[in-house]
Amino acid sequence: MKAALLRELQKPLVIEEVPDPVPAYGEALIKVKAVGICHSDLEIIDGKIPPAKLPIILGHEVAGVVESVGDGVKHLKPGDKVALSWLWWTCGRCKPCLSGRENICENQLNTGYVVDGGYAELVKAPATHLIKIPEGVSFPEATSATDAVATPYRSLTYASKVVPGDLVSVFGVGGLGHNAVQVAKALGAKVVAVDILESKLEFAKEVGADYTVNASKEDPVKYIKNLGGADVAVTPVESLKAMRQAYDSLRAGGTLVLVGLPVGELSLPVIDWILKDVKVVGNIGFTRGDIMRSLELVAAGMVRPRVELFKFEEVNAAIEKLRRGEVKGRAVLTF
Ligand SMILES: [Zn+2]
Ligand SMILES: [Zn+2]
């Protein structure tokens, strides 16, 4: 099969012919139809979070069709449409797994990081960790549901328990942020989107934001406070400054969900934090349940992930475009 390999950190991927993976007991082989390019792939390429092995095939937002199954697989058959996420395998026996928090499974194996992922014509994975794609969801949309929808879904449900009528602020309207706007709307919230690019704010309006603030021209804290303050703020952005603004824009009793991964430390005023009875929580990833529900939201038309399609062969050009911040929604490779 053809695959894009990361052979050396900080270098372009190399498209090569490699042996087809063979599904072992309990595994399925997937013919990849689409694969999303995630910001964390850039971090792996750059060596900020080094992969377990080199060379490796990246790509953990996979949608495709079951090609074949190994022994012991009963619930999937060739032709089934499935999605594979970052959670290539979780143990199902550690404390987080047994508490419905497999996103922080202590023994997890990650797609396109520890094991080969979907920047390839074929990928194999445990059948238990493949999620069926419902009718009406395209392969590129399904790739977004595995992460770019599922992460904000978890941030706005499990991590902050948004209820109808809440004011939700979304800092950063990128691949995750534009879906965060839509998930918040689906939960019955009013949404204020914050970015520093006018084009991203237009995009936020297109996908349903009630209010937009250009933080390069206007103080988002003042703007959001004028609306009464946010009940929940999410920060899918690599900016400590935006995270602090998100905190400052909360109303008393609000929740700040940290999602982006800026390097450094976030400084918060402790007395204010306590007196406002505010929660500050981190959210890494999602569970398979979050992905299933994200796919259902997409199937119902309540969330429409925006994607920009690239041919598989254009992988390096797509990565560069993502680096420049020029991709509207999620960059997705198709086969
Ligand atoms: Zn991802
Ligand atoms: Zn576990």
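Worth pointing out:
- Global form of segment 150-282, assessed from the alpha-carbon gyration tensor, a/c cut-off 1.5: rounded
- Peptides 161-169, 41-49 ranked from most to least packed give 161-169, 41-49, packing being the mean of other C-beta atoms within 10 angstrom over each peptide's residues.
- Normalised contact order of the chain, rounded percent, pairs of Cα under 8 Å and 6 or more residues apart: 18 percent
- Across Lys161/Lys276; Lys217/Lys241; Lys132/Lys185; Lys200/Lys279; Lys81/Lys185; Lys11/Lys328, pairs whose alpha-carbon gap is larger than 20 Å: Lys132/Lys185; Lys200/Lys279; Lys81/Lys185; Lys11/Lys328
- For the listed peptides 217-223, 55-61, 231-237, 280-286, a ranking on the average number of other beta carbons within 10 Å per residue, highest first, reads 231-237, 55-61, 280-286, 217-223.
- Net lengthening on full extension, Lys31/Glu43 (0.36 nm per residue, minus Cα-Cα): 1.7 nm
- Electrostatic bookkeeping for Ala28 treats Lys and Arg as +1 and Asp and Glu as -1; over the other residues with beta carbon under 14 Å from its beta carbon, the sum is +1.
- Beta bridges from DSSP with both residues in the chain: antiparallel share about 55 percent, rounded to the nearest 5.
- What the phi angles of segment 310-326 give under the Karplus curve with 6.51, -1.76 and 1.60, with θ = phi - 60°, is a coupling list of 10, 6, 3, 5, 8, 3, 5, 5, 5, 4, 5, 5, 5, 4, 6, x, 9 Hz, glycine and proline written as x.
- Across segment 17-134, Cα pairs under 8 Å and at least six residues apart give a relative contact order of 35 percent.
- Projected label distance in nm at Met292 and Glu202, using a 7 Å step from Cα toward the beta-carbon: 4.1 nm
- Model label sites at Lys321 and Thr157, defined 7 Å from Cα along the beta-carbon direction, differ in position by 3.1 nm.
- Here the dipole of the chain is about 620 debye; that uses its Cα centre as origin and unit charges on the Cβ of Lys and Arg (positive) and Asp and Glu (negative).
- Extension gain for the segment Cys94 to Val22, taken as residue separation times 0.36 nm less the Cα-Cα distance, is 23.1 nm to one decimal.
- Per-residue packing, averaged as other Cβ atoms within 10 Å, sorts the ranges 137-143, 111-117 into the order 137-143, 111-117, beginning with the highest.
- Straightening the chain between Met302 and Glu314 buys 1.3 nm, computed as 0.36 nm per residue apart minus the Cα-Cα spacing.
- For segment 1-58 and segment 190-205, distance of Cα centres in Å: 32 Å
- Residues in segment 93-122 that a label on Leu261 would reach, taking backbone N under 12 Å of a point 7 Å out along Cα→Cβ: 113-114
- Theoretical ellipticity at 222 nm over the chain - DSSP helices of four or more residues, -39500 (n - 2.57) apiece, nearest 500: -7000 deg cm²/dmol
- Around the Cα centre of segment 150-282, unit charges on the Cβ atoms of Lys, Arg, Asp and Glu (plus for the first two, minus for the last two) sum to a dipole of about 240 debye.
Taken together, the values in this text are just the output of simple stated rules run on the coordinates, not laboratory data. In this text, all values refer to a predicted model and were calculated from it rather than measured experimentally. As a convention, Cβ positions derive from the backbone with ideal geometry for all residues, glycine included, and neighbour counts pool all protein chains shown.
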